[in-house]
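Since every read-out is calculated from the coordinates, none of them should be taken as a lab result. Because the structure is predicted, anything quoted here is derived from the model rather than measured. Reconstructed Cβ throughout: ideal geometry from the backbone, glycine too, with neighbour counts over all protein chains shown.
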Amino acid sequence: MSEVHVYPVPAEFASNAHINEQQYHAMYQQSVENPDQFWAEQAEQFLSWDQRWSKVSEYDFIKGEAAWFIDGKLNLTYNCIDRHLETRGDQTAIIWEGDDPADAKTISYRELHQQVCKLANVLKQRGVKKGDRVCIYIPMVVEAAYAMLACARIGAIHSVVFGGFSPEALKDRILNSDCQTLITADEGVRGGKSVPLKANADLALESCPNVHTVVTVQRTGGDIAWTEGRDIWYHEAVAEASDQCEPELMDAEDPLFILYTSGSTGQPKGVLHSTAGYLLQAAMTFKYTFDYQEGDIYWCTADVGWITGHSYSLYGPLANGATTLLFEGVPTYPDAARCWEICDKHQVNIFYTAPTAIRALMGVGDEFVTRTSRSSIKLLGTVGEPINPEAWEWYHRVVGEARCPIVDTWWQTETGAHMLTPLPGATALKPGSATRPFFGVQPILLDNDGNEITGAGEGNLAIKASWPSQIRSVYGDHQRMIDTYFSTYKGYYFTGDGARRDEDGYYWITGRVDDVLNVSGHRMGTAEVESALVLHDDVAEAAVVGYPHDIKGQGIYAYVTLMAGHQPSDQLLAELIQMCVQEIGPIAKPDLIQWAPGLPKTRSGKIMRRILRKVAANELELGDTSTLADPSVVDQLIENRLNK
Ligand code: PRX
């Protein structure tokens, strides 16, 4: 391995940060030796409670059960909004930057309170009650934040579906959690192009008879269809609603939201998070990972359709009374300087994005960066996929002018909040490493037989004990929760990731060890893409694997076997790509589709994915192929490989 450059904690951070190296070690020690006492103290410090808990934690990793702050009562929106009103009612809660650089607005905490209450009252009038599921299929407009918070205000469970998902994918998610209310927009706007959200929703709803209410935000004023009785305009409904709405008293363990994410098998799972533990860890990691200081302007580029948008565009910052920036557009529109121009325009201090965006911006040249000032930025962050040291160095040297630490945060939809991450005042950085565990997190490495690896080494990353923002269940299917996370290694939560631990105890995520792809930081199951491909009448069989991609991290490589008598063609290729867009969304478009007359299978008929991954990666040392039913299949695959 090449020499790792270590970046020490900058002196300014070491002396002014919330947590320095010594404090990190002391607090970490306490957090794992006496977790209940540690988390009780944090829960007092970070959250406002209507009723104190009777017991801090209770969990069983065999049954996949966890509960935190049992019998405690609170409301998330009281914590994210109301309690700030007295001291910071006029402070900006949200800066909204539109797709068009001429569009921007700011929302104060007081205004946020009014808007959330109004929408909460609208939902109540439409019969939405505590525990009901509300689907939110919306672009990055401020109403996205109002919608999520309005649900939390009245105790409804939100299920945000990323606006890039297709009608088919939206339908599956609405049905799976029986959402009866949908909040959407006429159209979204990204990179100068409009996205037909309401039209997509209408299509999805053809198969969702239980949806009685669709609230539509007017974003573009584009033409849309209207179903009388079911559809209401957002602006008309809130205009008449009261701006006062008492927060519903919620149990600490009452569900807060469902967010669908991909696994290695089957349809996406509805990851269920509960209220108090989730909010506590989102709030605490926000403050410590980003070393958030009073008055900082903070920007996370994630869409609210992903967990990063939930925890770090919205809930973490608002719980801390921070100013969070929501951006509607894309980093390359009107050109590749957009992010840095936004940082200058709004004087952003903390900037958090995905490695795929960094690689894309790095690819177009430094000039887009260097023509901006960026002097307000003091900290940079990354999330969602491993960052290659080259991209890390560029981000550090060019964007951060070698002055800003980078926090590489490893976590998952299921973990709810940061799990492995540097703390900028405490952790010397190594490019490409998510460094050390956050407080209370006990990572361990296991070999394939489930034996713990101690000291430096590489293995499967698992977590030993519960943490407050842990997944509580897979919505409607707790057995799937047990099977997916708690069965591979008995007594541990299994992450699905591989990792290496070095001599300093730093963790280096090596990527998924299961059949989950990470394409531009978006998680996708190979099985989902395969299911979409085989829906085409001409396709007999399909196998999908990831392969290294310079910008996306991983690209989608599909091997397709056609039905007898059917020939490959450009048109068929286009139809197959369309099939993936239709079933999942544009993010699921295969990058490469190889026509494969046969797939490498064992004598018992199991596809040997190991071989397909190697051919896709253009690695031709295939290892032992003697167990294949027909080894000549492999020669053909190699001969016609597309990634040379
Ligand atoms: O493989 C890991 C990768 O993203 C997966 C989780 O994806 P998702 O649930 O969509 O959440 C993404 C945002 C938290 C993980 O299993 N991943 C996430 N962050 C990192 C990462 N891989 C390496 N380094 C990271 N910092």
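Amide H contacts of Thr382: Thr353, Val407, Asp408, Thr409, each under 5 Å away and 5 or more positions distant or on a separate chain (H built 1.01 Å from N in the peptide plane; Pro and chain starts excluded). Each Cα pair under 8 Å and six or more residues apart adds its sequence gap; the mean of these over the residue count of segment 510-640 is a relative contact order of 21 percent. Using the alpha-carbon positions of the chain, Rg (one decimal) and Dmax (whole number) come out as 24.2, 74 Å. Give the lysines whose C-alpha is closer than 20 Å to that of Lys606, dropping any in the same chain fewer than 8 places away, or say none. Output for Lys606: Lys614. For the chain, relative contact order (Cα pairs under 8 Å, six or more residues apart, normalised by length) works out to 14 percent. Cβ distances below 4.7 Å define possible disulfide partners, and in the chain the cysteines left without one are Cys80, Cys151, Cys208, Cys300, Cys339, Cys343, Cys404, Cys580. What FRET efficiency do you get for Leu573 and Lys644 if R0 is 25 Å and r is their Cβ-Cβ distance, rounded to the nearest 0.05? Taking R0 as 25 Å, the efficiency between Leu573 and Lys644 is 0.85.
For the peptides 127-135, 436-444, the ranking by mean Cβ contacts within 10 Å, running from highest to lowest, is 436-444, 127-135. DSSP assigns beta bridges within the chain; of those with both partners inside it, close to 60 percent run antiparallel.
At a Förster distance of 41 Å, what's the computed FRET efficiency of Glu621 paired with Ser487, Cβ-Cβ distance as r, to 0.05? Calculated value: 0.80.
So which of Lys171/Lys601; Lys73/Lys269; Lys464/Lys552; Lys55/Lys464; Lys63/Lys287; Lys378/Lys552 end up more than 24 Å apart, counting from Cα to Cα? Cα-Cα > 24 Å for Lys171/Lys601; Lys73/Lys269; Lys464/Lys552; Lys63/Lys287; Lys378/Lys552; rest within.
Calculated mean residue ellipticity at 222 nm for the chain: -8500 deg cm²/dmol, from DSSP H runs with n ≥ 4 weighted as -39500 (n - 2.57), summed, divided by the residue count and rounded to 500.
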